[in-house]
Amino acid sequence: MFENLQDKLNKAIKTLKGQGRITEINVAATIKEVRRALTDADVNYKVAKEITDRIRDKALDRKVLISVEPGQLFVKIVQEELTELMGGEAQGINIKGDPAVMLIAGLQGSGKTTFSGKLAAYLKKQGRSVLLVAADIYRPAAIDQLKVLGEQVGVEVYAEPENKNAVEIAQNGIALARKTGKKIVIVDTAGRLAVDEAMMQEIEALKRAIAPTETLFVVDSMTGQDAVNTAKTFNERLNFDGVVLTKLDGDARGGAALSIKTVVNKPIKFISTGEKMEALDVFYPDRMASRILG
Ligand code: GDP
């Protein structure tokens, strides 16, 4: 994950580590390299500039220049700023409600259905009773896919293959959960290949109708800057509660993970790192920052 970024950041910082005496010019040169490493990793330019300006100010404030171990101090500052950039504290999901309803949104292929299955497995493991609802009314295959995943993780899946009204399906699913004492409902929705008006209106209507406890926006981290732009569009329409970054096991460059929080001001809550149902992690900004710095 993010090997390239890790490489470049470490190279940039190494120039500070090896030197006995550091000057402001050394710091400026390193900052420039750090900024380039970030933009090469697809981090939004404005975000990269802001964070590197802060790193520079902190480095000079904390007297990296006269520190006994300037390299180490600099790494610590970069670590703190990367953590802050990705949201600071880890943010869990809100599961209060009777039932708590999770609305899963995003583009087709982003990993929504896979994530729905994973989230169900994750909550079930915590001892909670969960119902999955298949509200993708365009792709019959999506219903089957969710059923397969539900079976795999031992969670019931509610579907109405003949019904073309996503709001109705979701409402019926929630009613069933109430009747059968299920505490959490996860609603998997339809996604198109690109953001389009009809799709946005449908998911907006769905959100209004079912008033979810959590609306989670699922996005493929491999799509870099596009991931950030899609997040912006979805957030403007849906005002979602959190982001799920998928496919971090691939060769994502890191831009989405590093820019999304700043651009939409919503926390990343989960990361998905594979196709298997266990490949889901709560997102911890500090752990991710440590990983990025190797
Ligand atoms: P949806 O259209 O948004 O519901 O997307 P799917 O859940 O069907 O996922 C699209 C494809 O991406 C499927 O082949 C999944 O197995 C795969 N996928 C989903 N999440 C991940 C992940 O974290 N890592 C990898 N490598 N593949 C994933």
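The values are calculated or read from the model by the stated rules, or taken from the named source; none is laboratory data. Since the model is a prediction, treat every value here as computed from it, not as a measurement. As a convention, Cβ positions derive from the backbone with ideal geometry for all residues, glycine included, and neighbour counts pool all protein chains shown. For accessibility, only protein heavy atoms count, side chains too; no ligands or nucleic acids. Shrake-Rupley method; radii C 1.70, N 1.55, O 1.52, S 1.80 Å.
Of note:
- Look at (1) crowded, with 22+ Cβ neighbours inside 10 Å; (2) over 19 Å from the mean Cα position of the chain (by Cα) and you find that residue 220 fails only one, number (2).
- Members of the stretch 120-131 found to be of a type in the set (A, V, I, L, M, F, W, C) and within 16 Å of the ligand (Cβ to nearest atom), listed by number: 120, 121
- Test for residue 84: is it under 19 Å from the mean Cα position of the chain (by Cα) and either in a helix (DSSP H, G or I) or more than 16 Å from the ligand (Cβ to nearest atom) (or both): yes
- Members of the stretch 238-294 that are open to solvent by 60 Å² or more (accessible area, probe 1.4 Å), closer than 25 Å to residue 204 by Cα and in contact with a Ser or Thr (Cβ under 9 Å, 6 or more places away or on another chain): 239
- From the list 60, 16, 5, 65, the one residue that fits, being under 28 Å from the mean Cα position of the chain (by Cα) and among the hydrophobic types (A, V, I, L, M, F, W, C), is 5.
- Residue match in the stretch 59-68 (condition: of a type outside the set (Lys, Arg), away from the ligand (no atom under 16 Å from the Cβ), crowded, with 18+ Cβ neighbours inside 10 Å and at negative phi): yes
- The set of residues from the stretch 27-62 being farther than 30 Å from residue 220 by Cβ and touching a Leu at 6+ places or on another chain (Cβ under 8 Å) comprises 27, 30, 59, 62.
- The stretch 260-293, subset of a type in the set (S, T, N, Q) and more than 16 Å from the ligand (Cβ to nearest atom), residue farthest from residue 145 (Cα to Cα): 290
- Of everything listed in (1) polar (S, T, N, Q); (2) touching a residue at least 40 places away in the same chain (Cβ under 8 Å); (3) over 14 Å from residue 212 (Cα atoms); (4) more than 14 Å from the ligand (Cβ to nearest atom), the single unmet condition for residue 94 is (3).
- Being more than 9 Å from the ligand (Cβ to nearest atom) and within 17 Å of residue 272 (Cα to Cα) is not true of residue 134.
- Residue match in the stretch 149-159 (condition: under 21 Å from residue 272 (Cα atoms), open to solvent by 70 Å² or more (accessible area, probe 1.4 Å) and of a type outside the set (A, V, I, L, M)): yes
- Restricting attention to the stretch 83-101, the residues that are touching a Pro at 6+ places or on another chain (Cβ under 6 Å) and either at pLDDT 95 or above or of a type in the set (A, V, I, L, M, F, W, C) (or both) total 3.
- The listed residues are 274, 254, and the only one of them that is touching a helix residue (DSSP H, G or I) at 6+ places or on another chain (Cβ under 6 Å) and of a type outside the set (Val, Ile, Thr) turns out to be 254.
- Residue 202 being among the charged types (D, E, K, R), within 21 Å of residue 133 (Cα to Cα), modelled with pLDDT under 95 and outside any loop (DSSP other than H, G, I, E, B): yes
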